[in-house]
Amino acid sequence: MKVPFLDLKAHHAPMREQLDAAIAEVMDAGAFAGGPFVAKFEKEFAAYCGAAHAIGVGNGTDALWFALLASGLGPKDEVITIPSTFMATAEAISFCGAKPVFVDIEESTYTMDPALLEKAITPRTKAILPVHLFGQCADMDPILEIAARHGLPVIEDACQAHGATYKGKKAGSIGRAGCFSFYPGKNLGALGEAGATLTNDAELAGKIRCLRDHGQARKYYHSHIGWNGRMDGIQAAVLSVKLKQLDVSNQRRRSHALLYDELLGGTEEIIIPAQGRFCQSVYHIYAVRVKDRDRVLEALAEKGISCGIHYPIPVHLQEAYRFLGWREGSFPVAERCAAEFLSLPMFPELTGEQIHAVADELKRCLSSASPRAGCAK
Ligand SMILES: Cc1ncc(COP(=O)(O)O)c(C=O)c1O
């Protein structure tokens, strides 16, 4: 049986008419860059997440960058984050002229290990940037407590966690700001690029609105050097349609994860993802850990099962960050996980039959294949 990693066509099919109508409405109104459709989506998304303000921007990287810039980050400053993330988390810090400083992840949840956080704080630290990896929130209470003791803002990278909760609060609404990507494959995905920053701080929201529009609060009067980071009208209208079914989609992902857990949980060679304390994950990614991961990935692909790796190289070992001087062994948990992570197919329209096929094939591959078949333990 063929199982895709993600099937956006199947995801969009039931709402195709509404999406077409929403796009037509924007074309009729001619409101393509910023404008009323963006303002409408901002209101809806802020209300959904329980935050006072949402600022629609061009993508998740913009959302992070503007949140950091508006928090006053600049050269020589440091921001603490994790190495087990997509490159954009660190890039946003670097594009403020600041330095990403990493702390390792927890072996169970793959999010920032609060026990390691305080040691990484220096007089140059200006913010803490936990990442809600794979759709599960970082353990926010101890992170917020340490941050408050040092007078530091916490900015959440919630790019993979639309609708996830920590102690009942929605991801992105817990820290000073929360940053989202609406890249098409995300739990809430546009039909192109888009992103948003959430905050309860009206002053910060105002600064981000100004920065995303060339630093102008009034047309052609530029108080700051900003950037073109506006959200586009068509993406906003599409997101308004898709936001309505986000909870149903997330619920389906959770049921799929439960079934994967049941089918794979007892297998010695597989580590299944763990639920963090106080967390309800939205399983943007369902990543297991296996030895000899690359061979397993290849063998599954030969059987028609598409998997992914998020991410094969932790950020501190990326060539682009070699100048920071980290080496292998600097963050052992992140490095071990990067070698073992295998992301299984996960999307709302996945069927039980497909999940059974993935689990059966994965177990078969791990238990019986010879090295030559590409599935050695
Ligand atoms: C954890 C994380 N941070 C940041 C981003 C950047 O978002 P975008 O691709 O929309 O710029 C992503 C997107 O994949 C992400 O997964």
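The values are calculated or read from the model by the stated rules, or taken from the named source; none is laboratory data. Model, not experiment: these values are computed from the prediction. Virtual Cβ from ideal backbone geometry, glycine too; neighbours counted across all protein chains shown. Just the protein is used for accessible areas: all its heavy atoms, side chains included, with ligands, DNA and RNA removed. Shrake-Rupley method; radii C 1.70, N 1.55, O 1.52, S 1.80 Å.
Quick notes on this structure:
- Cα Rg over Rh - the stretch 1-50, Kirkwood: 1.13
- Calculated FRET value between residue 228 and residue 302, using beta carbons and R₀ = 45 Å, to 0.05: 0.50
- Added length on full extension, which subtracts the Cα-Cα distance from 0.36 nm per residue, residue 220 to residue 323: 33.2 nm
- In this Cβ point-charge picture (+1 for Lys and Arg, -1 for Asp and Glu), the stretch 140-251 has a dipole of about 260 debye about its Cα centre.
- Relative contact order for the chain, counting Cα pairs under 8 Å that sit 6 or more residues apart, in percent: 22 percent
- Charge tally in the Cβ shell below 11 Å around residue 88, where Lys, Arg are +1 and Asp, Glu are -1, residue 88 excluded: -3
- Projecting the Cα atoms of 86, 23, 47 onto the charge dipole of the stretch 1-127, computed from C-beta unit charges around the Cα centre, puts 86 farthest toward the positive end.
- Hits among aspartates and glutamates - C-alpha to C-alpha of residue 76 under 20 Å, sequence gap 8 or more where chains match: 91, 118
- For the chain: Kirkwood Rh in Å [reciprocal of mean 1/r, alpha carbons]: 21.3 Å
- Low-density loop cleavage sites - trypsin sites (Lys or Arg not before Pro) in the stretch 315-368, where at most 13 other Cβ are within 10 Å (DSSP): 327
- Modelled label positions at residue 17 and residue 119, each set 7 Å beyond Cα in the direction of Cβ, lie 6.0 nm from each other.
- Set of aspartates and glutamates with alpha-carbon distance to residue 119 below 16 Å, sequence-local pairs under 8 removed: 78, 104, 106, 145
- Computed over the stretch 78-154, Cα set: Rg, Dmax in Å: 11.5, 33
- Dimensionless Rg/Rh of the stretch 181-270 - Kirkwood Rh, Rg from C-alpha atoms: 1.20
- Total charge dipole magnitude, the stretch 249-307, about the Cα centre, Cβ charges on Lys, Arg, Asp, Glu only, Debye to nearest 20: 320 debye
- Karplus-derived 3J(HN,Hα) values for the stretch 227-233, using 6.51 cos²θ - 1.76 cosθ + 1.60 with θ = phi - 60°, are 6, 8, x, 6, 7, 8, x Hz; glycine and proline are entered as x.
- Length-normalised contact order of the stretch 234-343 in % [C-alpha pairs under 8 Å, at least 6 apart]: 26 percent
- If R0 equals 30 Å, the separation of the Cβ atoms of residue 39 and residue 9 corresponds to a calculated FRET efficiency of about 0.50.
- Residue-level accessible surface for residue 224, protein heavy atoms, 1.4 Å, Å²: 110 Å²
- Think of the chain as having a plus end and a minus end, set by charges on the Cβ of Lys, Arg, Asp and Glu; of 110, 226, 259, 226 sits farthest toward the positive end of this dipole.
- Those trypsin sites (Lys or Arg not before Pro) in the stretch 116-148 that DSSP places in a loop and that have at most 14 other beta carbons within 10 Å: 124
- Residue 98 sits among other residues whose Cβ lies under 13 Å from its own Cβ, and their net charge, with Lys and Arg +1 and Asp and Glu -1, is +1.
- Estimated at the nearest 10 Å², the accessible area of residue 223 is 80 Å² with a 1.4 Å probe.
- For the residue pairs 126/207; 40/244; 40/169; 43/242, alpha carbon separations beyond 20 Å are given by 40/169.
- The stretch 31-145: relative contact order in percent, alpha carbon pairs under 8 Å with at least 6 residues between: 22 percent
- For the stretch 237-252, 3J(HN,Hα) per residue [Karplus equation, 6.51 cos²θ - 1.76 cosθ + 1.60, θ = phi - 60°, Hz, x = Gly/Pro]: 5, 4, 5, 4, 5, 6, 4, 4, 10, 4, 5, 5, 4, 5, 5, 4
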